[in-house]
Amino acid sequence: MKIGFPKIFRSVGWAGIVLAGSMRYFPSVLVRRRARADLFVQLYSTGIRTLPVMTVVALFTGMILSLQVGLELARFNQEIYLGAAVMVTLVRDMASFVTGICLAACVGSAVAAELGTMKVNDEIDALIIMDIPPFRFLSAPRILALFMMAPLLMFYSTIVGTVGGAIVGATQLDVDYGQFMSSAMSIVKAKDIFVGLAKSAAFGLVIGTISCAEGFGTTIGATGVGKSTQRAVIASFLSILVIGYMITRVCYQ
């Protein structure tokens with residue numbers, strides 16, 4: 001798969017057009033009854049249907065963090081700070097990254113494949129012929145759903161990850177559950193929560209935009225659908241890493 005700067009610039013420009021065109025219809029999606037019904041369907045697909053995967057990933061992320069950090073803290077007899085270390089890592093970065101990666105893999109890929117299939121089957125062209133804007137009918141509800149659900153899923157991932165860390169602390173590192181939670185709650189600040197929520201919202205917006213842009217740009221039949229889905233997932237992962245670093249750098253410099 002060849003990647004060049006002109007192709008990257010074209011892809012970024014097209015994604016910007018999709019985002020701008022979709023944001024234009026956000027108010028109507030929230031106001032019109034039929035559009036709200038479509039939005040609720042996307043909210044369900046984005047949030048409820050991803051909970052099993054999100055739960056497992058967040059739980060074991062917290063458990064791995066707790067185990068690795070706890071083993072190092074035990075070398076200096078500082079296990080009392082285990083809860084603080086796990087909580088601050090989850091709130092500032094890991095919970096939002098876990099949320100973004102799960103959404104890109106579970107939802108973004110499905111959006112790209114769905115819209116790509118519609119494109120190669122000329123269903124999107126049919127909408128245009130019927131004077132139905134594809135951005136309003138297809139991309140706006142999906143992007144808005146990802147933007148709205150990502151912060152909620154990030155908050156859920158933080159709670160599940162913290163519980164997983166507390167379980168490892170209590171069963172393997174001799175850190176009392178109450179002591180773990182007390183240390184965790186003492187370190188977290190409002191700024192950390194707001195930054196984590198803002199970061200996950202940005203991830204949701206980017207994932208939705210990239211997935212819809214790749215879906216709308218699909219060509220060459222079934223092969224094109226597969227390539228569009230692959231590009232959507234890869235671009236979403238890379239964007240999550242870059243944007244996550246940039247937000248952290250700006251907020252904690």
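Brief remarks on what is shown
- Axis angle, to the nearest 10 degrees, between helix 190-216 and the longest C-alpha principal axis of the chain: 30 degrees.
- Heavy-atom SASA rank of C212, C106 (probe 1.4 Å, accessible area, largest first): C106, C212
- Rg and Dmax over the alpha-carbon atoms of the range 1-135 stand at 21.3, 70 Å.
- Helix 221-251 and the long axis of the chain differ in direction by around 40°, with both axes built from C-alpha atoms.
- At the residue level, D93 shows approximately 40 square angstrom of accessible surface with a 1.4 angstrom probe and all protein chains present.
- T248-I132 FRET efficiency (beta carbon distance; Förster radius 45 Å; 0.05 resolution): 0.65
- Area of Y177 that stays accessible when all protein chains are in place (1.4 Å probe, Å², to 10): 120 Å²
- Helical contribution to [θ] at 222 nm, DSSP H n ≥ 4, -39,500 (n - 2.57), averaged over the chain, rounded to 500: -26500 deg cm²/dmol
- 0 to 90° range, to nearest 10: angle between helix 109-120 axis and the chain longest Cα axis: 10 degrees
- For the chain, taking the reciprocal of the average inverse distance between every pair of different Cα atoms yields a Kirkwood hydrodynamic radius of 19.3 Å.
- The simple Förster model, with R0 at 35 Å and r as the Cβ-Cβ distance, assigns A74 and L238 a FRET efficiency of 0.45.
- Straight-distance candidates among the aspartates and glutamates for linking to K119, with alpha-carbon spacing under 20 Å and chain neighbours fewer than 8 residues away dropped: D38, D131, E214.
- Distance cut-off 19 Å, percentage of C-alpha pairs in the range 106-162 lying past it: 44 percent
- Reachable lysines from K199, criterion Cα separation under 22 angstrom, eight or more residues apart if same chain: K189, K191
- For the chain, with +1 on Lys and Arg beta carbons and -1 on Asp and Glu, the positive-most of Y81, S22, V250 along the dipole: S22
The values are calculated or read from the model by the stated rules, or taken from the named source; none is laboratory data. Quick caveat, the model's predicted, so the values are computed rather than measured. Cβ sites come from the backbone with ideal geometry, for glycine too, and all protein chains shown count toward neighbours. To get the accessible areas, we keep the full protein, side chains included, count just its heavy atoms, and leave off ligands, DNA and RNA. Shrake-Rupley method; radii C 1.70, N 1.55, O 1.52, S 1.80 Å.
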